[in-house]
Amino acid sequence: MAGSSSFELASSLIVLFLLFQTFLIAEGFAESLSRRSLGIKNEKLSHFHFYWHDIVSGRNPTSVRVVGASANTSPTGFGIISMIDDPMTEGPEMRSKLVGRAQGFYAAASQQEVGLLMAMNFAFMDGKYNGSTITVMGRNTVFSAVREMPVIGGSGLFRFARGYVQAKTHTFNITTGDAVVEYNVYVLHY
Ligand SMILES: *[C@@H]1O[C@H](CO)[C@@H](O)[C@H](O)[C@H]1NC(C)=O
Ligand SMILES: *[C@@H]1O[C@H](CO)[C@@H](O)[C@H](O)[C@H]1NC(C)=O
């Protein structure tokens, strides 16, 4: 008899404790959510293929050096930073269909080779992806045949995005410094 009532007391205390906890969580700034409440169903894997145009020459450059004066004597350009608003097109030609713009910056982050820190948002402008973004941040050793960089997030259709990109130089004009880079993006999202 005594054993049974102390069991009841213990279970009431546990129930009270759980209720109190729920109350605390609901009243605070954080709460648990079901995936369903955000409309999250199955994770998808998408592949995108496009060309990224880095235009440093001419009257309308899409890549502008913002840090790193002529006093920079590093053979790898260490310390230079450029802001970009680079068009992304379906084909390698600049006149081919615009699918979005790569906005952000790259910075020469290596003293041993030309190794860039890339920090950019792919702002898509085509079809259902218009307005959605993918954020890429990674290391780009521009003279390597293929450079891989992580996709660290996204917005719109790319909420909760993760994945990677592979960049391959398509053309590099030594005279002007302009480059066209082929991008393959592999991204998991909902
Ligand atoms: C993309 O969205 C913007 C803003 O809503 C709109 O002005 C533009 O026409 C759209 N572009 C395409 C290609 O659908
Ligand atoms: C590099 O750009 C210059 C100036 O626009 C152009 O005359 C030349 O043909 C280009 N070179 C290559 C290999 O595309």
Out of (1) under 11 Å from the mean Cα position of the chain (by Cα); (2) in contact (Cβ under 8 Å) with a residue 60 or more places away in the chain; (3) surrounded by 15 or more Cβ atoms within 10 Å (Cβ to Cβ), the odd one out for F160 is which? (3)
Consider T171 against the criteria (1) touching a residue at least 60 places away in the same chain (Cβ under 8 Å); (2) in contact with a Ser or Thr (Cβ under 8 Å, 6 or more places away or on another chain); (3) polar (S, T, N, Q): it satisfies all of them except one. Which criterion is unmet? (2)
Subset of segment 106-157, residues among the hydroxyl-bearing types (S, T, Y), part of a loop (DSSP other than H, G, I, E, B) and either open to solvent by less than 40 Å² (accessible area, probe 1.4 Å) or within 16 Å of ligand 1 (Cβ to nearest atom) (or both), comes to S110, S132
Restricted to segment 165-190 and to residues being farther than 16 Å from T133 by Cβ and of a type in the set (S, T, Y), the residue farthest from the chain's Cα centre (by Cα) is T175
Counting only residues in segment 77-109 that are of a type in the set (S, T, N, Q) and in contact with a Ser or Thr (Cβ under 6 Å, 6 or more places away or on another chain), the one farthest from I134 (Cα to Cα) is identified as S96
Here are the criteria: (1) over 30 Å from N42 (Cβ atoms); (2) within 16 Å of ligand 1 (Cβ to nearest atom); (3) open to solvent by 40 Å² or more (accessible area, probe 1.4 Å). Tell me which single one T176 does not satisfy. (2)
Consider F78 carefully, then state whether it is at pLDDT below 95, within 30 Å of V165 (Cα to Cα) and more than 22 Å from the chain's Cα centre (by Cα). yes
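The values are calculated or read from the model by the stated rules, or taken from the named source; none is laboratory data. All figures in this text were calculated on a predicted structure; none of them were measured in a lab. Reconstructed Cβ throughout: ideal geometry from the backbone, glycine too, with neighbour counts over all protein chains shown. The area values use the complete protein model at the heavy-atom level, side chains included, leaving out ligands, DNA and RNA. Shrake-Rupley method; radii C 1.70, N 1.55, O 1.52, S 1.80 Å.
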